[in-house]
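So the structure is just underneath, and the comments pick up after that.
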Amino acid sequence: MARRDDRKDWEEFRNEFNRFRGEHGRADLTVRPDMTEAEIDAVVRKRVARRLAKRREFLTHFAIYVFVNLLLWGIFTSSGLRNSEGFGFPWPMFVSFFWGIGVISHGVEFYNSLGRVEARREERIQREVDMERVRLGLSEKPKREFYEKPKRDPSVRVGDDGELISDEEEVQPRSQQQGGRL
């Protein structure tokens with residue numbers, strides 16, 4: 001009897017978790033093939049709004065950091081706490097340093113949450129997976145496709161005067177280009 005109750009509790013928890021995740025997590029930001037055009041537009045709008053909110057939060061955090069630090073350093077420099085060698089102990093450096101770590105980590109988190117970074121990361125992961133499949137002999141792709149440096153466009157070359165010339169253009173001798181004058 002205890003197992004049925006545990007299973008029921010677990011399923012209730014899972015349903016509640018999935019409902020919560022759907023309301024607050026990323027599950028509501030996925031585009032599925034069965035969605036209508038209006039639903040897709042709503043999902044895209046939520047994604048953009050969430051990204052803009054993250055940007056606003058970071059910029060607000062940074063602006064408050066700069067304002068408070070200017071205020072603290074202004075108080076420090078204008079206070080009469082000086083010793084014989086000049087200023088006293090620079091106590092605002094602790095606030096600047098530790099809060100600065102928080103601002104930097106917030107900025108890194110914001111930058112990494114952008115879609116371009118995630119897309120590049122997924123592209124690198126897929127390339128590594130493909131390379132590993134080739135190494136193990138599970139893929140038909142040639143090895144040099146992964147290891148060879150991309151070649152330059154063969155349809156462009158350097159002319160006598162150092163300019164890039166495409167092969168489609170007809171190369172004329174210098175005397176003809178200047179109207180027959182030398």
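Among (1) under 23 Å from the mean Cα position of the chain (by Cα); (2) over 30 Å from Met93 (Cα atoms), where does Ala38 come up short? Condition not satisfied by Ala38: (1). All of Phe62, Phe97, Phe67, Phe58 fail the test of being exposed (fewer than 10 other Cβ atoms within 10 Å of the Cβ), aromatic (Phe, Trp, Tyr), in a helix (DSSP H, G or I) and at pLDDT 85 or above, apart from Phe97.
Among the residues of region 100-143, write down those that are in a loop (DSSP other than H, G, I, E, B) and at negative phi. Talk me through it step by step, then tell me what you get.
Keep residues of region 100-143 that are in a loop (DSSP other than H, G, I, E, B), which gives 113-114, 136-143.
Across region 100-143, the qualifying residues are Ser113, Leu114, Leu136, Leu138, Ser139, Glu140, Lys141, Pro142, Lys143.
Tell me, please, whether a residue that is at pLDDT 85 or above and surrounded by 12 or more Cβ atoms within 10 Å (Cβ to Cβ) can be found in region 143-154. Taking every residue of region 143-154 in turn, none turns out to be at pLDDT 85 or above and surrounded by 12 or more Cβ atoms within 10 Å (Cβ to Cβ).
Taking first residues from region 114-136 that are surrounded by 11 or more Cβ atoms within 10 Å (Cβ to Cβ) and partners that are part of a helix (DSSP H, G or I), the Cβ contacts under 6 Å between residues at least 6 apart in sequence or on separate chains come to Met131/Phe146.
The residues of region 15-42 that are within 25 Å of Val108 (Cα to Cα) and either among the charged types (D, E, K, R) or at pLDDT 70 or above (or both), listed by number, are Arg21, Arg26, Asp28, Thr30.
The values are calculated or read from the model by the stated rules, or taken from the named source; none is laboratory data. Since this is a predicted model, take the numbers as computed values, not measurements. Using ideal geometry, Cβ is built from the backbone for each residue, glycine included, and neighbour counts are taken over all protein chains shown.
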